[in-house]
Amino acid sequence: MRVINIAAAQMGPIQRADSRAAVVMRMIALLDEAKRKGADLIIYPELALTTFFPRWYMEDQAEVDTWFEKTMPNEAVQPLFDRAAQHGIAMYLGYAELTPDGHHYNTAVLTDRNSTIIGKYRKVHLPGHDEFEPARSHQHLEKRYFEPGDLGFPVWRNLGGIIGMAICNDRRWPETYRVMGLQDVELVLIGYNTPSVNSLKSAEGLQQRLLHNRLSAQAGAYQNSCWVVAVAKAGVEDGHHLIGGSLIVNPDGEIVAEAATEGDEVLVVPCDLDATRFGKQTIFDFARHRRVEHYGLITSR
Ligand code: ING
């Protein structure tokens, strides 16, 4: 048994006018609750420090950059890092990263129990568009504000297991999980901000979004015999609704916990990393069963 007590820390809406300080206070409250429930690791959403700003069309790069963190940690989030170290809880934290040489990424970091950053991931699959599209009920300008991630899909040893990271749209792509699966990943951490209304296909409703959220995480978990934790920023941000549905999926693809609200909510589940072994040694023993000579199209197109 290699049990990690995992806290999925779903966050409710962050309004455009909300300060990072106010958000960090909410995150610390979630962290304290996770501690009370015995957590070893806490997962926050994608872009957890601000509203989902890619819904807003901006032309002034100086304004765009106000949504980005120039260093991590920094003055605004240091209280969170300090509290996590005090609790001895490792973190997955999603935020907008502006590098010293001027690159913009949709990023997540993984810390150890001392709040030391041991891993960084930059979102590879950027959905949406890069110019204002009047036909849309709302904009989704991730391709305008972020560059595609340049770090691939690494995994790290932490808390006695092999942990990988992804962000939001990444969870819809099987390649995301398989590249980590080929590195023997045991736990995939994902933050997301998912609009409940498709800006082009108004018919796709909340229930279908929640179905696809479950489907993506369950398939990734089952087909790579790993745990998947997907955590939402949810609720209505300046009139725009984001789905909740944060969930924890076991290596058999079964949902073991799912958020009941669209607000700040902590789910804590004991996850035995050894539960990944059976699948990896039998049905998903990649070395024994995969036939890579037939897979060329996946990397060539
Ligand atoms: N958000 C959404 C997501 O992939 C989206 C974008 C929604 C794409 C619904 C397709 C369908 O969950 C982010 N931030 O990627």
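The values are calculated or read from the model by the stated rules, or taken from the named source; none is laboratory data. Keep in mind the model is a prediction, meaning the values are calculated, not measured. Note that we place each Cβ from the backbone using ideal geometry, even for glycine, and neighbour counts take in every protein chain shown.
Residues of region 1-55 that are within 27 Å of Glu131 (Cα to Cα), touching a Ser or Thr at 6+ places or on another chain (Cβ under 8 Å) and either in a helix (DSSP H, G or I) or without any contact (Cβ under 8 Å) to a residue 60 or more places away in the chain (or both): Asp18 alone.
Results for (1) within 16 Å of the ligand (Cβ to nearest atom); (2) surrounded by 24 or more Cβ atoms within 10 Å (Cβ to Cβ); (3) farther than 20 Å from His241 by Cβ; (4) at pLDDT 95 or above, shown as yes or no for each residue.
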site	(1), (2), (3), (4)
Asn5	no, no, yes, yes
Gln15	no, no, no, yes
Arg26	no, no, no, yes
Leu30	no, no, yes, yes
Leu41	no, yes, yes, yes
Thr51	yes, no, no, yes
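Each residue in region 116-154 was checked for being in a loop (DSSP other than H, G, I, E, B), of a type in the set (Lys, Arg) and crowded, with 20+ Cβ neighbours inside 10 Å, and 1 pass. The single condition among (1) in a helix (DSSP H, G or I); (2) out of contact with any helix residue (DSSP H, G or I) (no Cβ under 8 Å at 6 or more places or on another chain); (3) of a type in the set (Lys, Arg) that Arg157 does not satisfy is (1).
Take Arg171 and tell me if it is away from the ligand (no atom under 14 Å from the Cβ), within 30 Å of Ala287 (Cα to Cα), without any contact (Cβ under 8 Å) to a residue 60 or more places away in the chain and assigned to a helix (DSSP H, G or I). For Arg171, the condition - away from the ligand (no atom under 14 Å from the Cβ), within 30 Å of Ala287 (Cα to Cα), without any contact (Cβ under 8 Å) to a residue 60 or more places away in the chain and assigned to a helix (DSSP H, G or I) - is not met. Yes or no: region 134-145 includes at least one residue that is of a type outside the set (S, T, N, Q), under 22 Å from Met72 (Cβ atoms), touching a strand residue (DSSP E or B) at 6+ places or on another chain (Cβ under 8 Å) and without any contact (Cβ under 8 Å) to a residue 60 or more places away in the chain. No: zero hits.
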